[in-house]
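The values are calculated or read from the model by the stated rules, or taken from the named source; none is laboratory data. In this text the structure is predicted, and so the values were computed from the model without any measurement. Cβ atoms come from the backbone with ideal geometry, glycine included; neighbour counts cover every protein chain shown.
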């Protein structure tokens, strides 16, 4: 029997790519709606000929969204940004676009809408990112009440921009900073707490949902099996990369000061809004269902990140340098 069509907005992003590949492997037909179809063309090789189509879509255009959803049975919204740039604002991408997607999904009577939000999303947050994510959830459920919302903590995996970023910084910086309200030797001195989730587990959760093999819950906290503070994460990274930077705690006011300049980089290392976000722990409060309720066993970070952090080890870097010289 022919598998249904799934439209994935933001399918070329870090999380979206894993979803595309897993659903294709399980026989679903997929329509990937992205800003730049040419850059996302490589995704078509993740399935059989004709199984995956890539269509250029402006998330701010109701016409484009309608075309992307037309004929689909399922819609997945993976669109998200960590910092604002030009018209790509938190409100536009995290609130207004999800509202349009939900409204048009309802019009087309799709079977299920899945919206990927963020753990800790709150209208009352001081962070515009967190506020916009909460607003997106509200507008999604307002326009499509049966939508399923997934709230992941920080996501790790081979191509992530979190673990890899600090591993890369450890190659060049004598200090790896984190931010804390209290001094390091006191309780809570390890900085913000996270519950990192493996990107492939998010894809598995979505496969369960579109396969109708899940409880009828609306919102899930998508978290890993273990809570780490920022100092523990950095220690894990430098142990695996065999680098020796000094892990140092700084007060949040200092983080805010340096973020005022860093925010203007093309790909900011830190923004003032992210500093506001880091003041709140990013862990499940255990009031909502989690991955296990979808039949997915969360993967420990220690079993995955060693497989992709080994390239940051000093001898791996030396091997690459020697190889380049030998090819000259």
Residue under question is residue 65, and the condition is that it be crowded, with 19+ Cβ neighbours inside 10 Å and part of a helix (DSSP H, G or I); does it hold?
yes
Per the filter on the stretch 1-14, residues over 14 Å from residue 72 (Cβ atoms) and touching a helix residue (DSSP H, G or I) at 6+ places or on another chain (Cβ under 6 Å) are 10
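Here's the yes/no breakdown for (1) over 20 Å from the mean Cα position of the chain (by Cα); (2) free of Cβ contacts under 8 Å to residues at least 12 places away in the same chain; (3) surrounded by 17 or more Cβ atoms within 10 Å (Cβ to Cβ):
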position: 91; (1), (2), (3): no, no, no
position: 108; (1), (2), (3): yes, no, no
position: 116; (1), (2), (3): no, no, yes
position: 133; (1), (2), (3): no, no, yes
position: 142; (1), (2), (3): yes, no, no
position: 163; (1), (2), (3): no, no, yes
Odd one out for residue 260, checked against (1) more than 22 Å from the chain's Cα centre (by Cα); (2) modelled with pLDDT under 95
(2)
In the set 257, 270, which member is part of a loop (DSSP other than H, G, I, E, B) and either surrounded by 13 or more Cβ atoms within 10 Å (Cβ to Cβ) or touching a helix residue (DSSP H, G or I) at 6+ places or on another chain (Cβ under 6 Å) (or both)?
270
Just checking, does the stretch 219-237 include any residue being in a loop (DSSP other than H, G, I, E, B) and at pLDDT below 95?
no
